[in-house]
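The values are calculated or read from the model by the stated rules, or taken from the named source; none is laboratory data. What you see is a predicted model, and the numbers here were worked out from it, not measured in a lab. Positions of Cβ are generated from backbone atoms using ideal geometry, with glycine treated the same way; all protein chains shown enter the neighbour counts. Heavy atoms of the whole protein, side chains included, go into the accessibility calculation; ligands, DNA and RNA do not. Shrake-Rupley method; radii C 1.70, N 1.55, O 1.52, S 1.80 Å.
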Amino acid sequence: MPAAQFRKRQTVDAIQWTGHNNDDVGRFCGNSATSVCAEGLRINTYRGAIYAAPGDWIVTRRIPGDFECWSERLFSYSYARAASHRRRIDDDG
């Protein structure tokens with residue numbers, strides 16, 4: 001029988017790629033190699049490469065090498081800036 005589901009509360013680390021903050025995103029991604037290509041910003045994860053377009057948010061759930069890209073619209077709908085956070089969230093976006 002179908003049942004309603006909800007997202008559990010969670011805090012994530014995130015940075016918005018503006019298309020101009022490649023160094024900041026590279027530091028955020030740590031050991032995951034990042035490069036700009038025709039598809040956008042390529043980020044290597046342990047599951048394979050993902051691509052971010054300018055304006056997308058790069059999100060990690062604190063699992064090393066595990067990143068996701070979220071559109072601005074979906075990210076702003078799903079998350080709000082935490083009052084206290086261990087890592088700086090990008091202020092450019």
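Applying the selection to segment 25-37, what residues are aliphatic (A, V, I, L, M) and either at pLDDT below 85 or touching a Cys at 6+ places or on another chain (Cβ under 6 Å) (or both)?
Across segment 25-37, the qualifying residue is only Ala33.
I need the full set of residues from segment 6-46 which are open to solvent by 70 Å² or more (accessible area, probe 1.4 Å), hydrophobic (A, V, I, L, M, F, W, C) and in a loop (DSSP other than H, G, I, E, B), in order please. Walk me through it before giving the result.
Quick first cut of segment 6-46, residues open to solvent by 70 Å² or more (accessible area, probe 1.4 Å) only: 6-11, 20, 23, 27, 31, 36, 38-39, 42, 46.
So of that shortlist, the ones also hydrophobic (A, V, I, L, M, F, W, C) come out as 6, 36, 38.
Residues satisfying the conditions are Phe6, Ala38.
Taking only segment 49-93 into account, find how many residues are at positive phi, open to solvent by less than 40 Å² (accessible area, probe 1.4 Å) and at pLDDT below 90.
1
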